[in-house]
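The block underneath contains the structure these notes are about, expressed in structure tokens.
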Amino acid sequence: MKIRIIAILMISALTIASCTTVELTERDAFDIKRTIRPDYFQNTPYSIEEVLFDADDSLRLNGWHMTRDGSRGTVLYFGGNGFVMVSSYHIIKAFLDQNVDLFVFDYRGYGENPGAPTVSGLKEDGLAAYDYLINEKRVDPEELVIHGHSLGTFVAAYVATQREASGLVLECPITDAQDWTGRLVPWFLKPFINFDIDPALKENSNLVRVSSVDIPLLVFAGGQDKVTPPGMAETIYETAGSASKRIVVIEDGGHNDLPNRKEYADALNAFYDMLDGFTR
């Protein structure tokens, strides 16, 4: 969806400006995504178990549960719109470097999973992943952090309002669909572009959810993020009801590259250190 929106904006801008030149380099022509399998981590301190778990509507989803001796706690990760486990090494490594156990999974309709993604379906998937960790893997909620990126912040915030956890991390968050589409359109194009937003998207607001979240909260934003502008993260932070909250804006960061930044690792480490259920 975001690619379609950006394409519309580019075409509209070119039509209005008529003489705008857009540079296309050789590097722009390729979108490289290397794939990994669990055996990619066989020479690390981590053990990886490929698991299957069921959502309430009986859809069976696949995930990876990555554990190590002496870990400080567990992170349940909800990826963004383009997240699939096998092409997300840089994301996975960012957490493994923090000495935490990690649970990642593909949403319905993603990777090898059956079904088609819907807003209600992703919410079911999020609860199913959480319940699997608690009930089957015996993870203590006090030792669990819920972490969502981009689209995954909707799922993460929803799960945090329905279940217990030690902390919540929202990375490049979306406030709500109306605000998001409004921020994507430059002021000079707004008279020419209207969005017809699906009611299922309209009724899901992170602002409503974070206002009732009372666990420690960490919000990340990329200062150069053109997909979810940092202003949305700032609005999330200001609206959040948590008495213990922090926002980190990585000024030269974009939408998908924050896990590669030292500031990101340092902020995660400091956040985990302050949580009562996480070991130092």
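Annotations for the structure displayed:
- Region 39-54 and region 230-276 have their alpha-carbon centroids 27 Å apart.
- Solvent accessible area, Å² - ARG108, 1.4 Å probe, full protein context: 10 Å²
- Per-peptide average of other Cβ atoms within 10 Å, ordering 124-133, 206-215 highest first: 124-133, 206-215
- Nonlocal amide H pairs with GLY253, under 5 Å, H built at 1.01 Å: GLY223, GLN224
- Two-site label geometry, GLN42 and GLU142: point separation in nm, points 7 Å out along Cα→Cβ: 3.9 nm
- Rounded to the nearest 0.05, the FRET efficiency derived from the C-beta distance between LEU52 and GLU164 at R0 = 22 Å is 0.35.
- Solvent-accessible area of LEU151, all protein chains in place: 50 Å² (probe radius 1.4 Å, heavy atoms, ligands and nucleic acids excluded).
- Computed lengthening from ASP252 to THR118, 0.36 nm per intervening residue step minus Cα-Cα distance: 45.0 nm
The values are calculated or read from the model by the stated rules, or taken from the named source; none is laboratory data. Small disclaimer: the values here were computed from a predicted structure and weren't measured. For neighbour counting, all protein chains shown are included, and Cβ atoms are generated from backbone atoms with ideal geometry for every residue, glycine included. These accessible areas exclude ligands, DNA and RNA; they are computed on the full protein's heavy atoms, side chains included. Shrake-Rupley method; radii C 1.70, N 1.55, O 1.52, S 1.80 Å.
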